[in-house]
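Student: Once you've had a glance at the structure underneath, I'll fire off some questions.
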Amino acid sequence: MATKILKVCNNDFEAQLIKGALEGEGIPCVLQGSNSSFFRAGYGSQSAFPVNVLVEERDMEKALLIIKEPES
């Protein structure tokens with residue numbers, strides 16, 4: 001199956017939050033351009049480059065709904 005870009009994030013922190021939300025709903029995803037040592041470096045660190053959140057094409061519709069839900 002083909003993967004597609006769900007969202008382009010400005011930093012690793014945002015991308016990791018989205019990844020956690022998606023995986024919590026059973027949607028696997030991949031972060032492209034993520035700094036894997038981000039959490040070891042501390043929450044104050046930010047990537048100098050955008051991070052792409054990729055999901056399988058079949059999961060795109062559900063993933064879009066998840067990331068657009070307002071936080072409660």
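We did not get these values from a lab; they are worked out from the coordinates using the rules stated. Everything quoted here is computed from the prediction, not taken from an experiment. We place every Cβ from the backbone using ideal geometry, glycine too, and count neighbours over all the protein chains shown.
Student: Quick one: 3J(HN,Hα) in Hz for the stretch 54-66, Karplus 6.51/-1.76/1.60 with θ = phi - 60°, rounded, Gly and Pro as x.
Tutor: 10, 9, 5, 3, 5, 9, 4, 4, 5, 5, 4, 5, 5
Student: Please list, by residue number, everything in the stretch 2-21 whose backbone N is under 14 Å from a paramagnetic label point 7 Å out along Cα→Cβ of LYS62.
Tutor: 21
Student: Sticking with this structure for a sec: Which ³J(HN,Hα) values in Hz, rounded to whole numbers, follow from the phi angles of the stretch 22-28 under the Karplus curve 6.51 cos²θ - 1.76 cosθ + 1.60, where θ = phi - 60° and Gly and Pro get x?
Tutor: Calculated HN-Hα couplings, in order: 5, 5, x, 9, x, 9, x Hz.
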